[in-house]
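Q: One structure coming up, written as structure tokens, with questions to follow.
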Amino acid sequence: MAILIDETKRVCVQGITGREGRARTRLMRGFGTNVVAGVTPGKAGQEVEGVPVFDTVADAQAHAERSAGGPIDISVIFVPARLVEGAALEAIDAGVKLLVLVPDRVPVWDAMRIAKRARERGAEFLGPNTLGALSPDRAVVGMIGGRAESARAWFKPGPCGIISRSGGMTSSCGYYLGQAGVGLSTLVHVGGDSVLGLRVPDVALLFQADEQTEAIAVFGEIGGSQEEDLARLMREGRITKPVVAYIGGKVAKEGTRFSHAGAIIEGGRGTHEGKVRALRDAGATVVDSFGDLAGATVQALIKTGAVR
């Protein structure tokens, strides 16, 4: 299995006729993603990489139900930040249950309104400011992995799930785990903004329920409470699979933003020390150096019997 994305999921690309939408559609299709429709207002009737373009997500839904075997499962959004709210609400209202919000600099209030509508309609979203998710040899949604050839070479199927708060480090985690002989179920970048859809603990629960995943590797950061919330789930017995984590931002001082908006210590909360302590007290393995993450994950998988 895998979480969030696989070859069976029907994907729509909002903003498909833009430069980024075109490029990423080509890369997603090259990796095996089932992209069934694209949306750009005023561009209906065009095709991008063999994918039909529609004016609205509702029109794309109708096409998918007629021609693609069922409704759209995921919409990945490649539009300017100021247009993300409108695009996301349109997709949610059209019945799409998972959105991937790639752009950064989405206004906080916009993200909050998206979250409210998603809760009301039973939908979920990754991001904003996410590279998306990738399930090796199955499908990718968003921007993880670059060229399909590189992604296939770097990422192999296997028993480890990856959750990362850093876009670039999502691929780095997968690459170094692969070099250590560890295959992956799914790589997930939750996004770098302060208001997010699916957070680290939410994705961990998905991995807990996934039959393929035997251990969870986490690239965490200072700021917020995502790692502490993951530790709470572990203490409550809701996450029982081994968790191996690295927390970036050890030397950051209060008020200093580490990489992006969601990684900032404010009011003494979200510190490196507090996150490490919470995770270790809950039973996670927390490494002091990123270079040790792969080796510690191998050892965790050996204990489960998933790796010999």
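Q: Only one of the values [x] -0.25, -1.14; [y] -0.38, -1.14; [z] -0.26, -1.36 was calculated from this structure for log10 I(q)/I(0) by the Debye sum over Cα atoms at q = 0.07, 0.15 Å⁻¹; name its label.
A: [x]
Q: Could you give the angle, 0 to 90 degrees to the nearest 10, between helix 108-121's Cα long axis and the longest principal axis of the Cα atoms of the chain?
A: Taking the Cα atoms of the chain, the angle to 108-121 is about 80 degrees.
Q: Suppose only helical runs count, i.e. DSSP H with n ≥ 4. What mean residue ellipticity at 222 nm does that imply for the chain under -39500 (n - 2.57) per run, divided by all residues and rounded to the nearest 500 deg cm²/dmol?
A: -11000 deg cm²/dmol
Q: What relative contact order, as a whole-number percentage, does the chain give when Cα pairs under 8 Å and 6 or more residues apart are counted?
A: About 14 percent, as a whole number.
Q: How far, in degrees from 0 to 90, does helix 84-93 lean away from the longest principal axis of the Cα atoms of the chain, to the nearest 10?
A: Compared with the principal axis, the helix lies near 80 degrees.
Q: What is the helix-to-structure angle for 226-235, meaning the angle in degrees between its Cα long axis and the longest Cα principal axis of the chain, kept from 0 to 90 and rounded to the nearest 10?
A: 60
Q: Separate question: Pairs of Cα atoms under 8 Å, at least six residues apart: use those to get the relative contact order of the stretch 10-126, whole percent.
A: About 23 percent, as a whole number.
Q: Could I ask something else about it? Between the stretch 55-86 and the stretch 102-171, how far is it from one alpha carbon centroid to the other, in angstrom?
A: The two parts, judged by their Cα centres, are 17 Å apart.
Here, each number is a calculation from the coordinates, and none is a lab measurement. Predicted model only: the values in this text are computed from it and were never measured.
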